[in-house]
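Engineer: This is the structure I have questions about; it appears just below.
Please treat every number below as a calculation from the coordinates, not as lab data. The structure displayed is predicted, hence computed values, not measured ones. Neighbour counts are summed over all protein chains in view; Cβ atoms, including those assigned to glycine, are modelled from backbone coordinates with ideal geometry.
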Amino acid sequence: MQVAHRPAPATRLELGALGVRLTRTDGGVQAGLALVEAYRGEPAVVLGFGGVRRVREGAVSKLIRSAAWLLEPWGREGRIELRSLRPPVRRALLVWLAERDDLAVIAAARRGIVVVPAPDAAALREAERAGLAGNRRKMLLLAARDGEHCVWCSKPLSHRDGDATVDHVRCRSDGGGNGLDNLVLACTSCNHRRSNAPAGEWLARCLADGAPVDADAVDAAIHRSGRYHRRRVRRTLLPVWDERAAA
């Protein structure tokens, strides 16, 4: 017997009915306070953008931050659904979300976006508290995501080790970026041996040689890197959203 899937309970807030303007930072604060007052402890928050024609990053950032804070006890089970999005609003939100390390887009439809806390959000806060910077901070986040080891040889590795490096899944010579979705944790030796070999080919070579490669982590990294590269390409093709021109 098949059991019908029931969506998780959600708190819904219709932003268009609040009477606030999300083109102003204080509008994001007011919307966030309204969300906190309406929240009933569910694992999902639904923000309806019906009637919202324009948004600014500052306002939306404050609202999404409030939603993420409410959902923190749910961990990876929490989700934020952005619905009833007009095309320019949807585009502006996707561009902004692409820059966030603490949030991940898991679904994007014509009028909606589903966002979840990134798996490394807790590690990000730990890195900030520890005062880490640059590549060491990225290494901590990568270890939290994939495990504290080199993905190519499974050698135990953490952000504290002098032998730890960040390895680009899509090589920089091939247009790979420096975002976390295009990086894995690797030891110096494996990073140097791989050089500019494509990740898929290097994985096949490691498996053929019987190396203790973390194939699951590498496969997932190649998939993430592909999505990350496509987002970067789209962002270079999209025109910049200018509210003044649209007014």
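Engineer: Calculate the length of the line joining the C-alpha centroid of region 140-219 to that of region 18-88, in whole Å.
Structural biologist: The distance from the Cα centre of region 140-219 to that of region 18-88 comes to 36 Å.
Engineer: Taking 35 Å as R0, compute the FRET efficiency from the Cβ-Cβ separation of residue 107 and residue 196 and round it to 0.05.
Structural biologist: Computed FRET efficiency for residue 107 and residue 196 comes out at 0.55.
Engineer: Just add up the charged neighbours of residue 82: K/R +1, D/E -1, any other residue whose Cβ is under 10 Å from the Cβ of residue 82.
Structural biologist: +2
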